Amino acid sequence: MKLVYVFDAYCGWSHGFTATLREITSRHPDLPVEVVSGGLFTGARRVPIREFGYVQGTNAKIAESTGATFGQAYEELIADGSFVMDSEAAARGVAALRQVAPDRAAELAAALQHAFYVDGLSLSEAATYRTVAQAVGLDADAVVAAFEAPEAQTAARADFRRAAQLGVTGFPTLLAVDGDSVTPLAYGHATADEVDERLAAH
């Protein structure tokens, strides 16, 4: 059995789920974790953030529900409303990090969300992946090369298809996958204890 974590690096609720995911993975070090990018802001949804009028209100709710923090640099990045969240670029970044350190995928997904939601770094920029790689002790040149390689785009699209095949329609979603059996453990928000209860029942 393994855990499959379907998230989007530009999803605030996924950012809020980071602490729960960290706790679950520390409680179950024997369970492999597959991280899949969901593709929240692609195609027609790739628009300036001002077109999502609810961002600040939603973030306040996420912070209240999960204890997640949103940094000053992030607030400044989105302040004028022109920033465009591009989930395909972020998914390329997730794929690049995953390629360089596959066994650290869950930790790296969290590091990427911290880069955006706390440090205010765009997930479309190669420099961001250099910064993240250096912060977590990975080969920064290898990560940037993987991000810029055409294979990253292929991997991002494969992730979006995988999310759809798993029937995931919102993020974050945590699943227990055992062969053909797929059991939902969390959707949107859950505590580590709640996830554990569902895992035990499974």
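The values are calculated or read from the model by the stated rules, or taken from the named source; none is laboratory data. No experiment lies behind these values; they were computed from the predicted model shown. Ideal geometry is used to build each Cβ from the backbone, glycine not excepted, and the neighbour counts take in all protein chains shown. The protein model used for the area step is the full one, side chains on, heavy atoms only, and it has no ligands, DNA or RNA in it. Shrake-Rupley method; radii C 1.70, N 1.55, O 1.52, S 1.80 Å.
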Subset tally (residues that are open to solvent by 20 Å² or more (accessible area, probe 1.4 Å) and not polar (S, T, N, Q)) for the stretch 69-93: 12
Among (1) under 26 Å from Val182 (Cβ atoms); (2) open to solvent by less than 30 Å² (accessible area, probe 1.4 Å) - the single one Phe52 does not satisfy: (1)
Among the residues listed as Val143, Val132, the single one being aliphatic (A, V, I, L, M), without any contact (Cβ under 8 Å) to a residue 60 or more places away in the chain and either farther than 27 Å from Thr66 by Cβ or in a strand (DSSP E or B) (or both): Val143
So Arg104, is it open to solvent by 70 Å² or more (accessible area, probe 1.4 Å), of a type outside the set (Gly, Ala, Ser) and either without any contact (Cβ under 8 Å) to a residue 60 or more places away in the chain or not in a strand (DSSP E or B) (or both): no
Subset of the stretch 44-62 (residues that are among the hydrophobic types (A, V, I, L, M, F, W, C), within 19 Å of His15 (Cβ to Cβ) and assigned to a loop (DSSP other than H, G, I, E, B)): Phe52
Every residue from the stretch 1-31 that is exposed (fewer than 15 other Cβ atoms within 10 Å of the Cβ) and out of contact with any Ser or Thr (no Cβ under 8 Å at 6 or more places or on another chain): Met1, Lys2, Arg22, Ser26, Arg27, Pro29, Asp30
Check on Ala152, in contact (Cβ under 8 Å) with a residue 40 or more places away in the chain, touching a Leu at 6+ places or on another chain (Cβ under 6 Å) and surrounded by 13 or more Cβ atoms within 10 Å (Cβ to Cβ): no
From Phe70, Phe41, residue being closer than 24 Å to Arg130 by Cβ, touching a strand residue (DSSP E or B) at 6+ places or on another chain (Cβ under 9 Å) and not in a helix (DSSP H, G or I): Phe41
Residues satisfying the stated conditions in the stretch 178-202, i.e. under 9 Å from Thr20 (Cβ atoms) and of a type outside the set (A, V, I, L, M, F, W, C): His189, Thr191, Glu194
Among (1) farther than 21 Å from Phe17 by Cβ; (2) touching a residue at least 60 places away in the same chain (Cβ under 8 Å); (3) buried (at least 20 other Cβ atoms within 10 Å of the Cβ), the one test that Ala110 misses: (1)
Flag for Ala158 being open to solvent by less than 10 Å² (accessible area, probe 1.4 Å), out of contact with any Ser or Thr (no Cβ under 6 Å at 6 or more places or on another chain) and aliphatic (A, V, I, L, M): no
Residue in the stretch 170-190 that is open to solvent by 30 Å² or more (accessible area, probe 1.4 Å) and assigned to a helix (DSSP H, G or I) present: no
Selected residue (criterion: nearest to the chain's Cα centre (by Cα)) from residues of the stretch 123-147 that are open to solvent by less than 20 Å² (accessible area, probe 1.4 Å) and under 22 Å from Ala73 (Cα atoms): Leu123
Residue selected from the stretch 87-119 under the condition acidic (Asp, Glu) and closer than 22 Å to Tyr187 by Cα, by the criterion farthest from the chain's Cα centre (by Cα): Glu88
